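Visitor: Have a look at this one.
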Amino acid sequence: MAKILIIDDEKSIRSTLREILEYEKYEVDEAVDGQDGISKLEQKKYDVALCDIKMPKMDGIEVLEKAQTINPDVQFIMISAHGSIETAVEAVKKGAYDFIQKPPDLNRLLITLRNALDKSSLVTETKVLKKKISKTFDIVGESAAITEVKDTILKVAPTEARVMITGENGTGKELVARWLHLQSNRAKGPFIEVNCAAIPSELIESELFGHEKGSFTSAIKQRIGKFELANEGTIFLDEIGDMSLSAQAKVLRALQENKISRVGGDKDIKINVRVLAATNKDLKEEIQLKKFREDLYHRIGVILIHVPPLRERKEDIPLLVDKFLNDISGEYGTRKSTIDKKALDVLQSFEWTGNIRELRNVTERLVIMCGDQITADDVKKYC
C-alpha cells in the first residue's frame, strides 16, 4: 500500500485530502506544518508527499529542499493557491514532481498522484537493478594482491586518466574495466567493449570508427563506430595487443585530437571518450618486435593496473566459490549448494591456469554433478 504524507497548515484541506486518499486505499499521514512534515519524513518512508507552499515556520520550498537531503526518492506534489503558481513552478524546477491548485480538482489530484507513484516505483526499480548490476560485476577477494587492485581503482576511477590493464586470460581484466567505469564520473554514460582479438584485421577500423555507405564492397549503409557510440562514456579496448598497426595509428590520432573520421569519410567527428585497454601480452616485447606502437602504449598507459593470476591469491578462492554458488543457484532457481572446508582446501591446491574463469566453470560443474553438498571427494572426481 502506497504511503502518502499530507503537509498543510489548513485542517480542512488535510481532512478533505485524507478522506479522498483513504477512499482510494492509500495509507495517509498528516503534518500540521513544514517542521512537523520534516519530522515525519525523518521517522517514516513515504512514497509521495502533498505539500502546501505557504505555511508558517517553514514554507513548502524549504520543506522540499530539506526533504531531498532526507529521502530524495519521495515524490513531492506541491499544493498552491492561485497567487503562488510562479512559486509552484519554481518548486518543480527544484525537484518537485508537479503542482495542483487549491481547491484541488479530484480527477487531476488522483491522476497526478498515480503518475507520481509510477515514477517512485520506477526510481526504486532502477536502484535495485543498478545494485544487481554492481553486485554482478563485484570484485571479490580480500588478499593483498586484489586489495591493491581495488585501492588503485578507487583512486583512478574518478579521474579522466587512461588505463592499461594487464593480466593473464581469465583473471578479470574486463571486471576491472567495468569497475573503473561504474566508479567514474562517466558512470551514467555508455560502456562500450571491443574485443580486438575477435575482429578480423580488415574490419577493425570499421568497427572502431564506423564507415560511410559505399566505402568498400560490403558497406551497403552507413555504420556508426564504437568510438562514437561511447561518446560521453567509456570505451574498453580488450586485447589491444592484437590490434593491427593501421588501426593503432587511427586510435592514436583519436586520443591525440579527440576526433575521428569514418572509413571512406572526410569529415572529422568530435568525441569525448575515456579509453581503457587490456591485454594478456607483454606490450614492451611487442614494441621491440614492431607489432605495437610505442607512442600508443605511452598514450594509453597513463595508469597501469596488473590483475594477479588466481594462483597468487589462493586465499580468495573460498570467497569466490561462495559468490559463484550464490550466482549459480540464482540462475538455476535452486537452493544454494554447500561446500565443506576440505573441498575448499583441495580447490586451493590447484594451479588454476585458466584463473577465475576456470574456477567458475569448475564450481558450476560441481553444482550440476553433486547437488546440495560438495565434498573433497567430489572435487577430486570432477576436477
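Visitor: Identify all aspartates and glutamates with a Cα-Cα distance to Lys213 below 14 Å; exclude those on the same chain that are fewer than 8 residues away in sequence.
Guide: Leaving aside aspartates and glutamates fewer than 8 places away in the same chain, those within reach of Lys213 are Asp266.
Visitor: I would also like to ask the following. In whole Å, largest first, what are the principal axis extents of the Cα atoms in the range 80-121?
Guide: Between the extreme Cα coordinates on each principal axis of the range 80-121 lie 31, 24, 6 Å.
Visitor: Could you list which residues have their amide H under 5 Å from that of Gly210, counting only those 5 or more apart in sequence or on another chain, with H placed in the peptide plane?
Guide: HN-HN under 5 Å from Gly210: Gly225, Lys226, Val263.
Visitor: Additional query: So who's got an amide H within less than 5 Å of the one on Met55, skipping anything under 5 residues away but keeping other chains? H placed 1.01 Å off N, in plane.
Guide: Gly60
Visitor: Which whole-percent values make up P(r) of the range 30-104 when all C-alpha to C-alpha distances are grouped in 5 Å steps starting at zero?
Guide: 3, 18, 32, 27, 15, 4, 0
Visitor: If each of Ala198 and Glu285 carries a label point 7 Å out from its Cα toward its Cβ, how far apart are those two points in nm?
Guide: With each label placed 7 Å out from Cα toward Cβ, I get 2.5 nm.
Visitor: May I pose another question? Whole-Hz ³J(HN,Hα) for each residue in the range 236-251, computed from phi via Karplus 6.51 cos²θ - 1.76 cosθ + 1.60 with θ = phi - 60°, x for glycine and proline: what do you get?
Guide: 10, 8, 7, 6, 5, x, 9, 6, 5, 5, 5, 5, 4, 4, 6, 5
Visitor: If I model a spin label at Ser143 and Glu65 as a point 7 Å from the Cα along the Cα→Cβ vector, what separation in nanometres do I get?
Guide: Output for this residue pair reads 5.2 nm.
Visitor: Another question about this same structure. Among Lys341/Lys381; Lys94/Lys188; Lys173/Lys341; Lys93/Lys188; Lys314/Lys380; Lys173/Lys380, which pairs are too far apart, with a Cα-Cα distance over 24 Å?
Guide: Values: Lys341/Lys381 16 Å; Lys94/Lys188 21 Å; Lys173/Lys341 29 Å; Lys93/Lys188 21 Å; Lys314/Lys380 18 Å; Lys173/Lys380 29 Å.
Result: Lys173/Lys341; Lys173/Lys380 exceed 24 Å.
Visitor: Moving to a separate point now. Test of understanding: in a Gaussian network model of the chain with alpha carbons linked when under 10 Å, which of Ser143, Ser12, Ser337 would top the mean-square fluctuation ranking?
Guide: Ser12
Visitor: Which FRET efficiency, nearest 0.05, do Lys44 and Asn258 yield, Cβ-Cβ r, R0 56 Å? Can you show the working numbers first?
Guide: Working: r = 49 Å, r/R0 = 0.88.
Computed FRET efficiency for Lys44 and Asn258 comes out at 0.70.
Visitor: Now, a different point. Run the quick spin-label model on Leu304 and Glu232: label points 7 Å from Cα toward the beta carbon, then report their separation in nm to one decimal.
Guide: The modelled label-to-label distance comes out at 3.6 nm.
Visitor: Whole percent per 10 Å bin, from 0 to the bin with the longest distance: what is P(r) over all C-alpha pairs of the chain?
Guide: 5, 18, 18, 16, 18, 16, 8, 1, 0
Visitor: Given the convex hull of the Cα atoms of the range 287-383, what is a quarter of its surface area in nm²?
Guide: Numbers: hull surface 34.3 nm².
Over every viewing direction, the Cα hull of the range 287-383 projects on average to 8.6 nm².
Visitor: Counting each pair of different Cα atoms once, what's the Kirkwood radius of the range 111-251 in Å, rounded to one decimal? Walk me through the numbers before you get to the answer.
Guide: Working: mean 1/r = 0.0564 Å⁻¹.
Its Kirkwood hydrodynamic radius stands at 17.7 Å.
Visitor: Follow-up. Report, for the chain, the % of DSSP beta bridges that are antiparallel, rounded to 5.
Guide: Of the beta bridges lying entirely in the chain, close to 10 percent run antiparallel.
Each reported figure results from applying straightforward, stated rules to the coordinates on display, with no laboratory input. Computed from a predicted structure; not experimentally measured. Because the Cβ atoms are built from the backbone with ideal geometry, glycine has one as well, and the counts that use them run over all protein chains shown.
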